[in-house]
Amino acid sequence: MGNIKVLYVSAESFPYAYVGGLGEVGASLPKALSRSGKVEIQRVMPGYKGVDCEKRTVTDFPVPMGKGYDSCILKTDLTDSEVPTYFVCNDRYFYRDHVYGYEDDGVRFFFLCSAVLEMLKHIPFKPDIIHLNDWHTGFISLLIRSSSMNVKTVFTIHNIIYHGYIPEEYVDGMLSDKEAKELGRPGYLDFMKAALMFSDGLTAVSPGYSKEIYSPELTGGLNLLIKARDDKVAGILNGIDTDLYNPENDDVIKYPYSWNNIENKKKNKKALCEYFGFPDEDVPLVSMVTRLEWIKGLDLVAEAMELMAQEKFRIVIHGSGNPYYQGLLTEMTRRFPEKVAVDFNYSPQLAKKIYAASDYYLMPSSYEPCGVGQLYAMRYGAVPIVNPVGGLKDTVKDRKNAKNNNGFHMKNRDAESLAEAMKRAFSLYGTAELDRLRENGMKADWSWKNSAGQYIKFYTDVLDIRRIK
Ligand code: GLC
């Protein structure tokens, strides 16, 4: 068998458009698969307003949307030769300021799904597998089933709690009564459910999360759909792009360093502390680079700050999102001006400078399917302090006397446990023990090498229609 041909579909891909980890994986996984030499991969995503690259129009075609049609202009990026990327464009749906957050998100992303099917009739690339990611792409699995196309679908669950919906008429005639009911009839049909029911194979973004999706609490009841697909589910840990994120060789970082030249990391810390206007004192620097939303545990951080009032440390929080959390964090900077700094204007450059400067990195997420922040942090020598759930448990180890431990776990998801874990971490500041944890994190291989291989194996299994587990 020759190379497997994969069409990768995602609502986000760095640098074109990205909101969080979905966009980072949308960039780094296709690149790693392409470099494996075993996969021929192309990518497709919506042509949002902000997508900035040299584009060429390939063709245009009508896209079935419920009872009517909408038009799609298909464009391609002329500059990325490694992973050819298509953009499905329709200004009514995608020429907007943000990627998500509109009342008609369901219809917008149904357009993506339907346009991908149509596009396959117009491009020379004939994939064996369409790799779908999160709810935005979920109806592709049903559209494929209802077509005569000979192609398999793999759906990756990055976060099962996000859903999108469309009125039933969009998929008229494609579902049995029983299936329509399972997808949400009467009312609106659910993209995520369609993906779980009709994709040929399912993956979750870490082994830990692939177990958590069997629990009713974490899935809002979708665990039963997962159970029904039990033999087709795998957990594959996300990797990171270790070329782009390399403290030894990173244009953004003023003082490059590695685990055995940590003095330079201290210079980066000094520079960042100056940038944020902190008093010049040698105290622990902890950071968070995060979307500002409930699951990330910012409420716990605010509470824990009160419990840590006597401790000497600084905390930097960087990321954009929910205005409620901007308010909460701004309040924190007023209460603890010498300890807390925030920046709500997410920039990948500032994010790297923060990883490079930090001694510790905080992820008190209530759940975390994989998490990429802790991987970047470890690569840059910031020791993670985490709530051990999902991928955080798989990647951050806090075990007494273990040789490979690299971070600190909270005992429970509450402010006391967070404060306790931070105090325990800070008590090792400046010691050889902390150096050892940091080195373990920096020396570990967080690249896609291993996981890309697991995806290739999974694709092969899906194509062979063998049992996956
Ligand atoms: C989602 C998850 C996050 C994961 C990312 C990439 O954003 O919430 O945990 O790392 O997808 O898979």
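The values are calculated or read from the model by the stated rules, or taken from the named source; none is laboratory data. Treat the numbers as computed from the prediction; the structure is a model and nothing was measured. Backbone-built Cβ (ideal geometry, glycine too); neighbour counts: all protein chains shown. Note: accessible area is taken over every heavy atom of the protein model, side chains too, but ligands, DNA and RNA are not part of it. Shrake-Rupley method; radii C 1.70, N 1.55, O 1.52, S 1.80 Å.
Rounded to the nearest 500, what is the chain's calculated 222 nm mean residue ellipticity when only DSSP H runs of at least 4 contribute -39500 (n - 2.57) each, over all residues? All intermediate terms of the calculation are to be shown ahead of the outcome.
On the way: 18 runs with 170 residues, N = 469.
Rounded to the nearest 500, the figure is -10500 deg cm²/dmol.
Which one of Asn440, Gly390, Ala302 is farthest out on the positive end of the charge dipole of the stretch 263-443, using unit charges on Cβ (Lys, Arg +1; Asp, Glu -1) and the Cα centre as origin?
Positive-end residue among those listed: Asn440.
Relative contact order of the stretch 311-415, please, whole-number percent, based on alpha carbon pairs below 8 angstrom and at least 6 residues apart. Write out the running numbers ahead of the final one.
Working: 149 pairs, mean separation 20.5, N = 105.
Computed value for the stretch 311-415: 20 percent relative contact order.
If a paramagnetic tag sat 7 Å from the Cα of Ala180 along the Cα-Cβ line, which residues of the stretch 147-173 would have the backbone N under 11 Å from that point?
What the label zone holds, given the 11 Å backbone N cut-off, is 168-173.
Send over the per residue convex hull volume for the stretch 263-443, Cα only, as a whole number of Å³. Mind dumping the intermediate values first?
Working: hull volume 19.0 nm³, N = 181.
Expressed per residue, the convex hull around the Cα atoms of the stretch 263-443 is 105 Å³.
Quick check on the chain: take the gyration tensor over C-alpha atoms, sort the square-rooted eigenvalues as a ≥ b ≥ c, and tell me if it's rounded (a/c under 1.5), prolate or oblate. Mind dumping the intermediate values first?
Values: a/c = 1.79, a/b = 1.74, b/c = 1.03.
Judged from the Cα gyration tensor, the chain comes out prolate (a/c at least 1.5, a/b above b/c).
Under the √(5λ) rule applied to the eigenvalues of the Cα gyration tensor, what semi-axes describe the equivalent ellipsoid of the stretch 374-469? Give them in Å, descending. Could you put the intermediate results ahead of the total?
Working: eigenvalues 211, 54, 19 Å².
Sorted largest first and rounded, they come to 32, 16, 10 Å.
Along the charge dipole of the chain, Cβ charges K/R +1 and D/E -1, which of Ser215, Pro64, Asn3 sits furthest on the positive end?
Most positive-ward Cα: Asn3.
Would you kindly derive the ³J(HN,Hα) couplings of the stretch 169-184 from the backbone phi angles with the Karplus curve 6.51 cos²θ - 1.76 cosθ + 1.60 (θ = phi - 60°), listing them in order in whole Hz, with x for Gly and Pro?
Whole-Hz 3J(HN,Hα) from phi for the stretch 169-184: 4, 5, 10, 3, x, 9, 10, 6, 4, 5, 5, 4, 5, 5, 7, x.
Can you list residues whose amide H is under 5 Å from Asn133's amide H, if they're 5+ apart or on another chain and H is modeled 1.01 Å from N?
Val9, Thr156
Students sometimes get this wrong: rank Thr57, Thr219, Thr431 by accessible area, probe 1.4 Å, all chains present, largest first. Intermediate values should be presented prior to the final figure.
Working: Thr57 80, Thr219 5, Thr431 45 Å².
My answer, sorted largest first, is Thr57, Thr431, Thr219.
What dipole magnitude, in Debye to the nearest 20, does the chain give about its Cα centre under +1 on Lys/Arg Cβ and -1 on Asp/Glu Cβ?
1120 debye
Do you know the relative contact order of the chain, to the nearest whole percent, from alpha carbon pairs under 8 angstrom that are 6+ apart?
Details: 927 pairs, mean separation 61.1, N = 469.
Once normalised by length, the contact order is 13 percent.
Whose amide H sits under 5 Å from the amide H of Val58, counting only residues 5 or more places off or on another chain, with H placed in the peptide plane?
Placed amide hydrogens put Leu74, Lys75, Thr76 under 5 Å from Val58.
Calculate how many DSSP beta bridges within the stretch 10-168 are antiparallel, expressed in % of all such bridges and rounded to the nearest 5.
Values: 15 of 24 bridges.
Restricted to the stretch 10-168, the bridges split so that about 60 percent are antiparallel.
Are there any helices in the chain, counted as whole DSSP H runs, that stretch 20 Å or more along their axis by Cα and score at least -1.0 on average by Kyte-Doolittle, and if so which?
Counting only whole DSSP H runs, the qualifying helices are 21-35, 105-119, 449-464.
Which residue, chosen from Leu328, Thr85, Phe125, occupies the Cα position most advanced towards the positive end of the dipole of the chain, where the dipole is computed from +1 (Lys, Arg) and -1 (Asp, Glu) charges on Cβ about the Cα centre?
Sorting the options by dipole projection puts first Phe125.
Could you compute the FRET efficiency for Tyr102 and Ala432, with r as their C-beta to C-beta distance and R0 at 51 Å, rounded to 0.05?
Values: r = 53 Å, r/R0 = 1.03.
The value I calculate is 0.45.
In debye, nearest 20, what is the charge dipole magnitude of the stretch 31-83 about its Cα centre with +1 on Lys and Arg Cβ and -1 on Asp and Glu Cβ, if you could check? Write out the running numbers ahead of the final one.
Working: 9 positive and 8 negative charges, 32 e Å.
Once rounded to the nearest 20, the dipole reads 160 debye.
Rounded to the nearest 0.05, what FRET efficiency do Ile295 and Ala444 have when you use their Cβ-Cβ distance and R0 = 25 Å?
Values: r = 25 Å, r/R0 = 1.00.
Efficiency computed from Cβ-Cβ geometry: 0.50.
Using each residue's phi in the stretch 58-66, evaluate 6.51 cos²θ - 1.76 cosθ + 1.60 at θ = phi - 60° and report the 3J(HN,Hα) Karplus result to the nearest Hz, with x for Gly and Pro.
Ordered by residue, 3J(HN,Hα) equals 8, 6, 9, 7, x, 10, x, 9, x Hz.
Checking the a/c ratio against 1.5 first, then a/b against b/c, what shape does the Cα gyration tensor give for the stretch 113-255? Can you show the working numbers first?
Values: a/c = 2.21, a/b = 1.44, b/c = 1.53.
Verdict is oblate for the stretch 113-255.
Mind listing the long-range amide H neighbours of Glu40? Cut-off is under 5 Å, sequence gap 5 or more, other chains count too, H placed in the peptide plane at 1.01 Å from N.
Correct list: Ile4, Lys5, Val6.
Restricting to the stretch 263-443, what percent of DSSP beta bridges are antiparallel, rounded to 5? If you can, show how the numbers build up before the last one.
Numbers: 0 of 18 bridges.
The antiparallel fraction comes to roughly 0 percent.
For the stretch 141-154, take each phi angle, set θ = phi - 60°, evaluate the Karplus expression 6.51 cos²θ - 1.76 cosθ + 1.60, and give the result in whole Hz per residue in order, putting x for glycine and proline.
4, 6, 4, 5, 4, 7, 9, 9, 6, 9, 8, 9, 10, 10
If you roll a 1.4 Å probe over the heavy atoms of the protein chains, what accessible area per residue do you get for the chain, in Å²?
42 Å²
How many percent of DSSP beta bridges within the chain run antiparallel, rounded to 5? Let's see the in-between values first.
Working: 18 of 62 bridges.
The antiparallel fraction comes to roughly 30 percent.
When the accessible area of the stretch 211-267 is split by element with a 1.4 Å probe, what percent falls to carbon and sulfur?
Using a 1.4 Å probe with all protein chains present, the stretch 211-267 comes out at 52 percent carbon and sulfur.
Which value, in debye to the nearest 20, describes the size of the charge dipole of the stretch 301-416 about its Cα centre when Lys and Arg Cβ atoms bear +1, Asp and Glu Cβ atoms bear -1, and nothing else is charged?
The dipole magnitude comes to about 460 debye.
With a ≥ b ≥ c the root eigenvalues of the C-alpha gyration tensor of the stretch 1-157, is it rounded (a/c under 1.5), prolate (a/b larger than b/c) or oblate?
Values: a/c = 1.42, a/b = 1.15, b/c = 1.23.
Rounded is the answer for the stretch 1-157, as its axis ratio a/c remains below 1.5.
Past the 25 Å Cα-Cα mark, which pairs from Lys267/Lys352; Lys31/Lys254; Lys38/Lys152; Lys267/Lys397; Lys267/Lys312; Lys38/Lys232? Don't skip to the answer; put the middle values down first.
Values: Lys267/Lys352 14 Å; Lys31/Lys254 27 Å; Lys38/Lys152 17 Å; Lys267/Lys397 28 Å; Lys267/Lys312 20 Å; Lys38/Lys232 22 Å.
Going by Cα-Cα distance, Lys31/Lys254; Lys267/Lys397 fall outside the 25 Å limit.
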